[in-house]
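Handing you this structure, nothing more for now.
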Amino acid sequence: MIKLYDYVLSVNCYKQRLMMSILDVSYQSIPVDFYPGWEHKSKEFKKINPLGHIPVIDDDGYVLRDAHAILVYLAAKYDPTGRWYPVSDSELIGETAQWMLFAEGTTNTASAARLHVNLGYDFDIGACRESAHRLFRVLDDHLWFREQQGRNWVCSGEHPTVADIAIFPDVILSEEGGISRLDYPALRRWTDRVKRIGGFTTMPGIFPAGPARRGRSGNAGPIPD
Amino acid sequence: MSPDPFTCWHPIASTPDLPERHVFHGQLLGRELAVWRADDGFVNVWENRCLHRGVRLSIGINDGRELKCQYHGWRYSNRTAGCTYIPAHPADAPARTICNRTFPAVERYGLIWSGEDPTGDPPAVAVLDRGTPFGLRNLPVNAPPELVLERLAQYRFEPNGRLHYDDGEDVSVSVCHRDDWSVTLASSQGGSTTTAVFFVQPVDSGRAVIRGVLDETPGEDRRLIVLHHHNTGLIQLRDDIEAEAARLPTPEPMVASIDRVSVELAEIPEAPAGRQASLRVRVARKWEAADQIAGFELESIGAELPTYQPGSHIDVHLPNGLIRQYSLTNEPGRGETYRIGVKLEPDSRGGSRCLHEVVREGDVLAISEPRNNFPLRRDSLCTVLVAGGIGITPLLAMAQTLQKDGLGYELHYFAQSEQHMAFGDVLERLRPSLVAHLGLSPDETARALAEILAHRGDASHVYTCGPAPMLETTRRIAAEAGWPDHTVHFEYFKNTTEIDDSSSFQISLSRSALTLGVAGGQTILAVLRQNGVPMPSSCEQGACGTCEVAVLEGEPDHQDVYLNDSEKERGDRIMTCVSRAKSDRLVLDI
């Protein structure tokens, strides 16, 4: 069974829990005392990940670090339909890679602001917030035009991809870092849609969506399996 | 800007911002708003905070009829914003005073218009009224609204029909109109003209949203090109405006005045009102809901009808002077009307006969505000609803609410025949959970009830309404099957017990420091009113619970059908319209 070196309040660990919940993959959570114990910086943990970061997974001896890399691995291995990491479609996989890199940006700005506020990390909070707003503006613009094209997700396919899973947690917890989403209505609607993906799960600070209206689709509607 | 912005209409969202089951987060003049569309199409614009702990309702759940706060689950009704349910007090109906602040909403030109205290109508724009309005992507700008409006006048764009075709041909853009909150620009090129109206929403002193509407909808093949054209141009303009605003001193943010919620709000019962008919409604529809049962749909004249919960009833003041109670059959948050069902009683004293024979569509009736003495818990995974005849009415509202909330229930409907089953349209929707018991004798009814109540899950509750003998049977069988009193909820239509009003006794009012005598033939309620103590009441026959008062000392002589047996035994509450005292004196908490 997959072991996930995990911390309940970590956005990047949540990304893995969310992906595995959606893909219905069972795993064992191994708690790491990230705060206040800084266990991820301990000598013992650095034997698992010399960078001293979580998450890390151990899939039957195969060890992988870095949140967005793990998402790629999980989707490639455990999604038999090949839709979450669409390698068979060159354009779509290119977009997926592009938005996975964008997710590095949201993690390093929006989620960094949250670490600063919640767990006392020493970041330039003003710069984090400003950069996060810049990224959110781009994403809101992008998602608004996606809606105009009858599409619901970050990439141009009909089905969500690992890029949605990589970006969503940074966005939905942004208010904990003092980054309001008031100015991003299309981004807010997209978070409703992600919450309605079958198998969606929450973490502290993330609330579930209410049910979509039965028999309806559209912007806030459910996605087909 | 000259006129008071607080009395103007402003656009606060666009129509596509409000998909089903979504809550839009808005802001106007420093005040945050939660904006949501209910399943009936109504657009709710509310103060963005839960009355309980102030959590933003924009992160709440829009279930199509109610908005549920994510924090402690308080629910608020579509249209009125009245509180419909408090999970921490599942057995109680929230006081009507628990109501969020609402703002008006009008949809026009694909925009949602609202305001703090707007006068008149939202602006009418002739060029949009004549055309086929087409909304652009809205653009929030971090700059003072005045500056945004000023710079918008310099915005340059190409007409829809010529985009990208005639590069090099001169575009001429002119300002056609400008007022305090909008600027209208016309772009002409090679004989083709497009007019654009840009409304500036004052979000705060240093923030605005540009909401642009074109006078003509481009063809499907040009739609995205036009949208991108303006989005690119407006983003360029926004960046310039923001760079300019960054060089100016930052204005003080506006501070919206938010009414304080009093601590007692959730605790205090409604102000005693007596039997007042404070509402006027029009009979929008009257129809035969079943054999001998007339359905009435009552619509408001003017303001929205007050909030109600499943189990609520109203007093209907009839043209012939009689007052009758009827349960509301529709679920909260659905539509703007009250629905009631009225059975023609063969021995009618004039109440049901008057409604059946005299009252017609279009007539105006006086009714009371809804009261709820039969509140529905929404914390039970399985609820058993037992209706006898016209007793279906409150249970219909309950069944629809439970269905909407995804909670399990069985609706057992005892009726003479299928023709006697009322509100077929609603029953159709409840079909999988509906069990009809038709044409049963009293003995057969008792056997059926015994079967229904034989097994119960831990969390179950029973709600029953119907004729008195059936309620007695249901309560007896439930007690025999081991259902505790507090899990069996009932509502009688009327009190059929013979009232003995021969006793005479004293009542001491602990808070009013009054001692009054109640003589034979008088009721406590009448004596209180004669002495200037205001008391609410409704049925005045011991069935509805409205005139309940707490008893501090003395032994009540209960003659009502509202309290259950263990409540009667406790002796700490009394229905002042029919019940009396066994002791010489009662001390009442009024």
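Looking for something without any contact (Cβ under 8 Å) to a residue 12 or more places away in the chain and either among the charged types (D, E, K, R) or in a helix (DSSP H, G or I) (or both) - is there at least one such residue anywhere in the range B:248-255?
no
Does B:PRO346 fit the bill of being within 25 Å of the chain's Cα centre (by Cα) and in a loop (DSSP other than H, G, I, E, B)? Outline the logic, then answer.
Numbers: within 25 Å of the chain's Cα centre (by Cα): no; in a loop (DSSP other than H, G, I, E, B): yes.
It is false that B:PRO346 is within 25 Å of the chain's Cα centre (by Cα) and in a loop (DSSP other than H, G, I, E, B).
For the range A:56-110, which positions are of a type in the set (Asp, Glu) and either under 29 Å from A:ILE179 (Cβ atoms) or not in a helix (DSSP H, G or I) (or both)? Full working, then the answer.
Here is the first cut: in the range A:56-110, the ones of a type in the set (Asp, Glu) are A:58-60, A:66, A:79, A:89, A:91, A:95, A:104.
A:ASP58, A:ASP59, A:ASP60, A:ASP66, A:ASP79, A:ASP89, A:GLU95, A:GLU104, listed by residue number.
Pick from the range B:119-149 the residues that are farther than 20 Å from B:PRO5 by Cα and of a type in the set (Gly, Ala, Ser): which of them is farthest from the other protein chains (Cβ to nearest Cβ)?
Selected residue: B:ALA126.
Is at least one residue of the range A:158-181 within 12 Å of chain B (Cβ to nearest Cβ), closer than 27 Å to B:GLY135 by Cα and either over 14 Å from the mean Cα position of the chain (by Cα) or part of a helix (DSSP H, G or I) (or both)?
Yes: one or more hits.
Which of the residues belonging to the range A:60-91 are farther than 23 Å from A:PHE168 by Cβ and acidic (Asp, Glu)?
Listed by number, the list holds a single entry, A:ASP60.
Let me ask something else about it. B:ASN531 fails exactly one of the following numbered conditions: (1) farther than 28 Å from B:LEU322 by Cα; (2) surrounded by fewer than 16 Cβ atoms within 10 Å (Cβ to Cβ). What is the number of that condition?
Tallying (1) farther than 28 Å from B:LEU322 by Cα; (2) surrounded by fewer than 16 Cβ atoms within 10 Å (Cβ to Cβ), B:ASN531 fails exactly one: (1).
Okay, next question. Can you name the residue in the range A:182-198 that is part of a loop (DSSP other than H, G, I, E, B) and closer than 20 Å to A:GLN148 by Cβ and, of all such residues, is farthest from the other protein chains (Cβ to nearest Cβ)? Can you show your working first?
Step one: list which residues in the range A:182-198 are part of a loop (DSSP other than H, G, I, E, B), which gives A:182-184, A:196-198.
From the residues that got through so far, the ones that are closer than 20 Å to A:GLN148 by Cβ too are A:183-184.
Working: A:ASP183: 4, A:TYR184: 8 Å.
Top of the filtered list is A:TYR184.
Output the residues belonging to the range B:83-105 that are closer than 20 Å to B:ASP379 by Cα and in a strand (DSSP E or B).
Taking the range B:83-105 as the starting set, the residues that turn out to be closer than 20 Å to B:ASP379 by Cα are B:83-95.
Residues satisfying the conditions are B:CYS83, B:THR84, B:TYR85.
Between B:SER192, B:SER174, which is free of Cβ contacts under 8 Å to residues at least 24 places away in the same chain and either within 23 Å of B:GLY219 (Cβ to Cβ) or touching a strand residue (DSSP E or B) at 6+ places or on another chain (Cβ under 7 Å) (or both)? Break it down stepwise before answering.
Working: B:SER192 fails: free of Cβ contacts under 8 Å to residues at least 24 places away in the same chain.
Only one candidate passes the filter, namely B:SER174.
Find the strands (runs of 3 or more DSSP E) located wholly in the range B:1-75 whose residues include 2 or more that are within 11 Å of chain A (Cβ to nearest Cβ) and under 23 Å from A:ALA212 (Cα atoms), and list them. Spell out the reasoning first.
Details: elements: B:10-14, B:23-28, B:31-37, B:43-47, B:66-68.
Ranges flagged: B:10-14, B:23-28, B:31-37, B:66-68.
Would you be able to say whether some residue in the range B:202-212 is surrounded by fewer than 21 Cβ atoms within 10 Å (Cβ to Cβ) and of a type in the set (A, V, I, L, M)?
no
Could you tell me which residue of the range B:211-220 is nearest to B:LEU136 (Cα to Cα), considering only residues that are among the charged types (D, E, K, R) and within 13 Å of chain A (Cβ to nearest Cβ)? Write out each step before concluding.
So the first thing to find is which residues in the range B:211-220 are among the charged types (D, E, K, R), and the list is B:211, B:215-216, B:220.
So of that shortlist, the ones also within 13 Å of chain A (Cβ to nearest Cβ) come out as B:211, B:220.
Working: B:ARG211: 7, B:GLU220: 15 Å.
Among residues in the range B:211-220 that are among the charged types (D, E, K, R) and within 13 Å of chain A (Cβ to nearest Cβ), the one nearest to B:LEU136 (Cα to Cα) is B:ARG211.
Might you let me know whether the range A:135-145 holds any residue that is touching a Gly at 6+ places or on another chain (Cβ under 9 Å) and assigned to a helix (DSSP H, G or I)? Talk me through it step by step, then tell me what you get.
Filtering the range A:135-145 down to residues touching a Gly at 6+ places or on another chain (Cβ under 9 Å) leaves A:135.
Still in the running and assigned to a helix (DSSP H, G or I): A:135.
Checked against the condition, which is being touching a Gly at 6+ places or on another chain (Cβ under 9 Å) and assigned to a helix (DSSP H, G or I), the range A:135-145 yields at least one hit.
In the set B:GLY554, B:GLY532, B:GLY542, B:GLY520, which member is touching a residue at least 12 places away in the same chain (Cβ under 8 Å) and more than 30 Å from B:ASP347 (Cβ to Cβ)? Reasoning before the result, please.
On the way: B:GLY532 fails: touching a residue at least 12 places away in the same chain (Cβ under 8 Å); B:GLY542 fails: more than 30 Å from B:ASP347 (Cβ to Cβ); B:GLY520 fails: more than 30 Å from B:ASP347 (Cβ to Cβ).
Checking each option against the conditions leaves just B:GLY554.
Checking the condition surrounded by fewer than 16 Cβ atoms within 10 Å (Cβ to Cβ) and in contact with a strand residue (DSSP E or B) (Cβ under 6 Å, 6 or more places away or on another chain), which residue from B:ILE301, B:ILE323 passes? Spell out the reasoning first.
Values: B:ILE323 fails: surrounded by fewer than 16 Cβ atoms within 10 Å (Cβ to Cβ).
Just a single option satisfies the conditions, and that option is B:ILE301.
So B:PHE374 passes all but one of these: (1) within 25 Å of B:HIS317 (Cα to Cα); (2) in a helix (DSSP H, G or I); (3) of a type outside the set (Lys, Arg); (4) touching a residue at least 40 places away in the same chain (Cβ under 8 Å). Which condition number does it fail?
(2) is the only condition that B:PHE374 fails.
So which of B:ILE574, B:ILE499 is within 30 Å of B:LEU395 (Cβ to Cβ) and within 36 Å of the chain's Cα centre (by Cα)? Steps first, answer last, please.
Values: B:ILE499 fails: within 36 Å of the chain's Cα centre (by Cα).
None of the others qualify; the one that does is B:ILE574.
Those residues that are assigned to a strand (DSSP E or B) and either over 21 Å from B:ALA196 (Cβ atoms) or among the hydrophobic types (A, V, I, L, M, F, W, C) (or both), I need them from the range B:106-124; list them, please. Don't jump to the end; show me each part of the working.
Step one: list which residues in the range B:106-124 are assigned to a strand (DSSP E or B), which gives B:106-108, B:111-114.
Hits for the range B:106-124 are B:VAL106, B:LEU111, B:ILE112, B:TRP113, B:SER114.
Checking B:ARG360 against (1) among the charged types (D, E, K, R); (2) outside any strand (DSSP E or B); (3) within 24 Å of B:CYS83 (Cβ to Cβ); (4) in contact with a strand residue (DSSP E or B) (Cβ under 9 Å, 6 or more places away or on another chain): exactly one of these is not met. Which one?
In the conditions (1) among the charged types (D, E, K, R); (2) outside any strand (DSSP E or B); (3) within 24 Å of B:CYS83 (Cβ to Cβ); (4) in contact with a strand residue (DSSP E or B) (Cβ under 9 Å, 6 or more places away or on another chain), B:ARG360 misses (3) alone.
Shifting gears a bit: Quick check on B:LEU149: is it buried (at least 19 other Cβ atoms within 10 Å of the Cβ), in contact with a helix residue (DSSP H, G or I) (Cβ under 8 Å, 6 or more places away or on another chain) and aliphatic (A, V, I, L, M)? Walk me through it before giving the result.
Values: buried (at least 19 other Cβ atoms within 10 Å of the Cβ): yes; in contact with a helix residue (DSSP H, G or I) (Cβ under 8 Å, 6 or more places away or on another chain): no; aliphatic (A, V, I, L, M): yes.
No.
Okay, moving on. Mind checking which residues of the range B:497-512 are polar (S, T, N, Q) and in contact (Cβ under 8 Å) with a residue 40 or more places away in the chain? If you could, list the steps in order and put the result at the bottom.
The initial filter retains those residues of the range B:497-512 that are polar (S, T, N, Q), namely B:497, B:502-504, B:506, B:508, B:510, B:512.
Result: B:THR497, B:SER503, B:GLN506, B:SER508, B:SER510, B:SER512.
Still on this structure, I have one more. Does any residue in the range B:222-237 that is within 10 Å of chain A (Cβ to nearest Cβ) come within less than 6 Å, Cβ to Cβ, of a residue that is buried (at least 18 other Cβ atoms within 10 Å of the Cβ) and at pLDDT 95 or above six or more places away or on a different chain, and which pairs are these?
Sorted first by the residue in the range B:222-237, then by its partner, the pairs are B:ASN231/B:ARG137.
A further question follows. State whether the residues of the range A:25-47 include one that is among the hydrophobic types (A, V, I, L, M, F, W, C), at pLDDT 95 or above and either surrounded by fewer than 13 Cβ atoms within 10 Å (Cβ to Cβ) or within 24 Å of A:CYS155 (Cβ to Cβ) (or both).
Scanning the range A:25-47 turns up at least one residue that is among the hydrophobic types (A, V, I, L, M, F, W, C), at pLDDT 95 or above and either surrounded by fewer than 13 Cβ atoms within 10 Å (Cβ to Cβ) or within 24 Å of A:CYS155 (Cβ to Cβ) (or both).
Looking at B:THR393, B:THR474, B:THR401, which is the one that is polar (S, T, N, Q), assigned to a helix (DSSP H, G or I), more than 24 Å from the chain's Cα centre (by Cα) and buried (at least 18 other Cβ atoms within 10 Å of the Cβ)?
Numbers: B:THR393 fails: more than 24 Å from the chain's Cα centre (by Cα); B:THR401 fails: more than 24 Å from the chain's Cα centre (by Cα).
It is B:THR474.
Give the range B:404-420 a look and list any residue that's within 24 Å of A:ALA212 (Cα to Cα) and assigned to a helix (DSSP H, G or I), or say none.
B:LYS404
In the range B:78-88, is there at least one residue being away from every other protein chain (no Cβ under 13 Å), buried (at least 24 other Cβ atoms within 10 Å of the Cβ) and within 24 Å of A:ARG193 (Cβ to Cβ)?
Looking for residues that are away from every other protein chain (no Cβ under 13 Å), buried (at least 24 other Cβ atoms within 10 Å of the Cβ) and within 24 Å of A:ARG193 (Cβ to Cβ), one finds at least one in the range B:78-88, hence yes.
Under 6 Å between Cβ atoms, at least 6 apart or on separate chains: pull out the pairs that start in the range A:109-135 with a residue that is crowded, with 20+ Cβ neighbours inside 10 Å and end on any residue that is basic (Lys, Arg).
Once the first residue is crowded, with 20+ Cβ neighbours inside 10 Å and sits in the range A:109-135, its partners that are basic (Lys, Arg) give A:ALA113/A:ARG129.
Right, next: I need every pair where a residue in the range B:137-163 that is β-branched (Val, Ile, Thr) has its Cβ under 6 Å from the Cβ of a residue that is buried (at least 18 other Cβ atoms within 10 Å of the Cβ) and in a strand (DSSP E or B), sequence separation at least 6 or different chains.
Close Cβ pairs satisfying both conditions: B:VAL141/B:ALA208; B:VAL148/B:VAL141; B:VAL148/B:VAL200; B:VAL148/B:ALA208.
The values are calculated or read from the model by the stated rules, or taken from the named source; none is laboratory data. What you see is a predicted model; the values in this text were computed from it and never measured. FYI the Cβ positions are ideal-geometry reconstructions off the backbone, even for glycines, and counts take in every protein chain you see.
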